[in-house]
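What follows is one structure encoded as structure tokens, with my remarks underneath.
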Amino acid sequence: MGRESHFDVAIIGGGPAGLAAAQVLGRQRRRVVLIDNHQGRNGAASSVHMLLGREGMTPEGLILAARRELAKFPGVSLLSAEATTVLVEDAKIVVSTTGANVSADHLILATGVVDQLPSIPGIGTAYGKSLFHCPLCHGFEVGDQPVVVIGGSEQAAFMAAYVQDRISRDVQLCSNGEPSFSPLTRRRLGHNDIRVIEDKVVAVEAQPGGLMLRMADATAVTYRAGFVSAKYSQRSPLVHELGCTLRDDGRVRVDHFQRSSVPNVFAVGDMAKATGGNMSFVATAIASGVTAAAFLDEDIFAGRWASQSTT
Ligand SMILES: Cc1cc2nc3c(=O)[nH]c(=O)nc-3n(C[C@H](O)[C@H](O)[C@H](O)COP(=O)(O)OP(=O)(O)OC[C@H]3O[C@@H](n4cnc5c(N)ncnc54)[C@H](O)[C@@H]3O)c2cc1C
């Protein structure tokens, strides 16, 4: 990063959402600092899907390509550091980081979310390799092969039925203990011949080309892939410290231009949602970053235009 420490916009989070915002603002010759500590949500996955023109690229390759593109825009500074505190002082935003400290007129939060997996030993080692939370992103590659859905909730039952309908008839639902399915859900699972395994899973092992579940009764089952209905939480506590209003699902409540409830603070990507629904993809993260940045750029100019004196 150069010596300048005051910027038009500080962006915290350099995943797809933050990078997209930086590109738009860099092209408009705004002075921008992008602060990132390189812990993207899909970092453990070997490929990115459902991204037009980039199908199958590695997550790391996508981020590196975007960072290289930003080098074209002299107004954009990249700071590899963790943002530790953010203070709003007289309409100025002051960001302390584990590297340099910076200030800006506006802030875009793009800090993402963290998936909370069921607490089963080894599950984290398989996540992103052969265990995923999203059949849309990672189902096609394992089509018509043995697949397991792990979870005992209504959401897990729905996911198993969806996987059977779209991905593979060869699906089992492992509830990992007593499930909480309603009688209707149980009947539907039976009607669709989806086998429910109620034993506890004592370990998940990632294997070349699949995963193995070790069960409490000492049996082990291998699958080509697994899906899990994971919960998520905000990756960064900054959003709470700033006092942004959250939705019931823990995401930042934003308007259609990605403005949060805190003046001059936008939130983009997985961490924020304007409308209902739970869809969070690389493409939607990019779209929200572009939306916020394009609106903000025009808004900065509109403010200047409106206050211009001609005398
Ligand atoms: C296993 C897995 C596979 C996936 N596969 C796909 C797929 O194939 N296709 C698809 O469309 N979607 C996929 N997704 C979803 C996709 O990863 C997200 O939708 C996308 O990454 C969201 O982008 P983002 O910029 O909002 O957040 P992230 O990509 O999570 O980026 C947030 C960034 O902010 C940084 N950060 C956070 N806090 C701070 C801080 N305090 N200081 C500095 N930096 C900070 C993090 O280090 C990170 O780099 C997958 C998700 C998972 C978990």
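The values are calculated or read from the model by the stated rules, or taken from the named source; none is laboratory data. Because the structure is a prediction, the values reported are computed rather than measured. Here the Cβ positions follow ideal geometry from the backbone for every residue, glycine too, while neighbour counts run over all protein chains shown. For accessibility, only protein heavy atoms count, side chains too; no ligands or nucleic acids. Shrake-Rupley method; radii C 1.70, N 1.55, O 1.52, S 1.80 Å.
Remarks
- Consider the range 93-148 and keep the residues that are more than 14 Å from the ligand (Cβ to nearest atom) and of a type in the set (D, E, K, R). The one that is farthest from Asp36 (Cα to Cα) is Asp144.
- The helices (runs of 4 or more DSSP H) falling completely within the range 92-168 that include 1 or more residues that are among the β-branched types (Val, Ile, Thr) and open to solvent by less than 20 Å² (accessible area, probe 1.4 Å) map to 123-126, 154-166.
- Residue match in the range 50-68 (condition: touching a Phe, Trp or Tyr at 6+ places or on another chain (Cβ under 9 Å) and either among the aromatic types (Phe, Trp, Tyr) or in a strand (DSSP E or B) (or both)): no
- Within the range 28-74, tally of residues that are open to solvent by 40 Å² or more (accessible area, probe 1.4 Å), among the hydrophobic types (A, V, I, L, M, F, W, C) and within 12 Å of the ligand (Cβ to nearest atom): 5
- Scanning the range 242-257 for residues being acidic (Asp, Glu) and either assigned to a strand (DSSP E or B) or modelled with pLDDT of 95 or more (or both) gives a total of 1.
- Scanning the range 255-274 for residues being open to solvent by 60 Å² or more (accessible area, probe 1.4 Å) and within 16 Å of the ligand (Cβ to nearest atom) gives a total of 0.
- Checklist (1) within 15 Å of the ligand (Cβ to nearest atom); (2) among the acidic types (Asp, Glu); (3) in contact with a strand residue (DSSP E or B) (Cβ under 9 Å, 6 or more places away or on another chain); (4) without any contact (Cβ under 8 Å) to a residue 24 or more places away in the chain applied to Glu89, failing item: (1)
- Being of a type outside the set (S, T, N, Q), touching an Asp or Glu at 6+ places or on another chain (Cβ under 7 Å) and closer than 30 Å to Gly177 by Cα is a property that Met279 lacks.
- Near pairs, Cβ below 8 angstrom, 6+ apart or cross-chain, from the range 7-35 (at positive phi) to any residue that is outside any helix (DSSP H, G or I) and hydroxyl-bearing (Ser, Thr, Tyr): Gly13/Thr111; Gly13/Ser236
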